[in-house]
Each structure stands twice: as C-alpha cells, then as structure tokens.
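The values are calculated or read from the model by the stated rules, or taken from the named source; none is laboratory data. The structure presented is a predicted model; accordingly, all values stated were derived computationally and were not measured. So basically every Cβ, Gly included, is an ideal-geometry build from the backbone, and we count neighbours across all protein chains shown. The accessibility values were calculated without ligands, DNA or RNA, using every heavy atom of the protein model including side chains. Shrake-Rupley method; radii C 1.70, N 1.55, O 1.52, S 1.80 Å.
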Amino acid sequence: MKLSPLFEKGKPQFSLEIFPPKDHSGGVETIYETLDGLREVRPAFISCTYGAGGNLADSSTIEICSIIKEKYGILPISHLTCVNSSAEDIDIILARLKAAGISNILALRGDVRPDVPPKQDFAHASDLISYIKEKEPGFDISAACYPEGHPDSDSIVDDVLNLKLKVECGAEHLISQLFFDNEDFYRFRERCAIAGITVPIEAGIMPVTSKQSIMRMVSMCGASIPSKLAKILNRFENNPRALEEACIVYATEQIIDLISNDVDGIHLYTMNKPELAKRIFSVIDTMR
Ligand code: FAD
C-alpha cells in the first residue's frame, strides 16, 4: 500500500519514527518490544531510520520495515540516504525493498561524514528522488523538510526552493525536522504555499527526555529552543521524571495547536520509547 492516498482523506494523519536498535547484542529482536507498545497508538505508518550518522555498515532498516509490515500489519516507510552510496549500492537496496514488498521510501541525502569522502553519484536528495523515479517508478517517495531551514543552506528561501525541486523530482509527501515553536512551522508552511509546494507536510514532533540529549540534537540539526522550553529544561534538568512529564505536556500542547491549525499530519519521533507515544496519544486520541 502506498502512503500518499492517506492524506487525501482531509484529516490529520499520525505517524511514528523508530530507529534500528543500537544494542547489537539483542539484534533486531529488541524491536519487537518497541513495536508491541507502538501498535497500541494505531499509527497511519511507521518510518524506520537508515544509517543515521552516515554509518551504513549494519543497517537493519529493511528487516525492521518487513517486521512492521508482516508482523504488525502497519504501513512501513524505509528511510534511505544517498550521499555515502554509489548508484550500485542504491540499486541493491531498491531490489531488497521491492522483494520485501516495501513501496514507501523517505529519500534523504544523509549527513556528510568528516572522516568519509562522499561517493560521487548523489549530491542531494533530489538526485536520489529522480534516480528512483526513473529506475523504479512504483515507489512512493517522501522527503525531509526543515521549518527553520537546513543548517547547510544560505537562507530559508534557498532551502524552500531546493525543497520545491525535491517535489518536482517526485516527492509526494514531506516530513519535517523537529521544531519546538509552532510559529516556525506555520511560517514555513506559508513559504511552501507561496513557492507552490502543495504536497502534504507532516510536522515532526520530538518529546524531550533529557536536556543533554536535546542540546546535542539541536546543535546538529539547527533547531532552536524557545524560551518557554529553555526554562523547563533549566528548571528540571536534574529531575528526570519531572523533565519528562513537563516535556510530554509541552509536546502534547504543540500537537493540539497543530491539529487546531489544520496540520496535514504529525510525525512523532518516538526514540523507540512506546510509553512516551502512548502518553501523548492518550490525550490526542479523540482529536483524530
Ligand atoms: P537535501 O534535500 O539534499 O538538502 C541538504 C542541503 O542541500 C540543504 O541545505 C538544501 O537546501 C541543499 N540542497 C538540496 N538540494 C539542492 C540542490 N539541488 N542544489 C543545491 N543545494 C541543494 N539522516 C540519516 O542519516 N538517516 C535517516 O534515517 C534520517 N532520517 C531523517 C528524517 C527526517 C524527517 C529528517 C528531517 C532528517 C533525517 N535525516 C536522516 C537527516 C538528514 O539526512 C540530514 O538533515 C541531511 O543533512 C540532509 O538531508 P536531506 O535529504 O534533507 O538533504
């Protein structure tokens, strides 16, 4: 099943992101625990990251997407990065995805690793999208977008124009980078509309669980921390339970406001923590 028709229903869609387990001793098996919990929130689809940090060596993304589809009966999206891959590498992945019956790809550039020279076939996600659309037009392609602009771009205007190129190359759905101030998302949505980008845009929401990890994350992805959230992080940084409670409420309020402002969808970065997702969905379930 493809993803894009879901957004034709005119109601916000609720989706989740997971990543391959980092604990290699438990292998892919530990993902069952995560998915057992996440299935309870009845997501429209679950996406699984690929080679985050540029490490493609042991990515189990396709295996996990197969589990999401076969064992849980949930639509999977497989993330796929290109900057550290050759066209031959991508051909192999596309063949594996096709064999597994996975038809949705989140096509990404990936991060350029300082220690690994990028391969030459794909400089940007738009190159990967064009390549897939030409080679295997049956795939449904999604792409990433950045409400505050991608850190590499010279300006938010350039970034939106590059985003438009991704859509023109064949991206049918967009998932946003995390953000903590909904006004950033609304301004971005307006810019997209002015640029003629009409595909559905899902808002990426991350419930914060520790000050240290979110500061590391925002330093990499360029998202900003509004003063309301900064005060929460400072007040509760040494009280993990209070911090988590406060940040669940923060993320839930963001989502309610987004739904009230006709967002196309919410993509929750679950960090493989089903309890967080369940807490948030227990509040917003009636708003679907
Ligand atoms: P691009 O769209 O190529 O954009 C990168 C930069 O290049 C931007 O500044 C853009 O404005 C510019 N640009 C784009 N096209 C052109 C062009 N044609 N000419 C000139 N400039 C251009 N990383 C992982 O490693 N694995 C994952 O699973 C993963 N999942 C993600 C999921 C989401 C929802 C998001 C938002 C990010 C994810 N990332 C992941 C991170 C992502 O790989 C990085 O943000 C990366 O730096 C950019 O990827 P992109 O696909 O947005 O790149």
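Of the heavy-atom accessible surface of the stretch 4-287 (probe 1.4 angstrom), what whole percent is carbon and sulfur? Carbon and sulfur together cover 51 percent of it. Normalised per residue, the accessible area of the stretch 4-287 is 46 Å², obtained with a 1.4 Å probe and no contribution from ligands, DNA or RNA.
Explain nothing, just the number: dipole magnitude of the chain about its Cα centre with +1 on each Lys and Arg Cβ and -1 on each Asp and Glu Cβ, in debye rounded to the nearest 20.
It comes to approximately 520 debye.
By the helix-only formula, in which each DSSP H run with n ≥ 4 contributes -39500 (n - 2.57) and the sum is divided by residues, the chain has a 222 nm mean residue ellipticity of -13500 deg cm²/dmol. Note on Ser219 and Arg288: their simple-model spin labels are 3.9 nm apart, each label 7 Å out from Cα toward Cβ. Potential lengthening of the chain between Glu168 and Ala87 amounts to 27.1 nm, from the contour at 0.36 nm per residue minus the alpha-carbon distance.
The calculated Kirkwood hydrodynamic radius for the chain is 19.3 Å, given to one decimal from all distinct C-alpha pairs.
Just checking the listed ones, Met215, Met206, Met271: in the Gaussian network model of the chain with Cα springs under 10 Å, the one fluctuating most is Met215.
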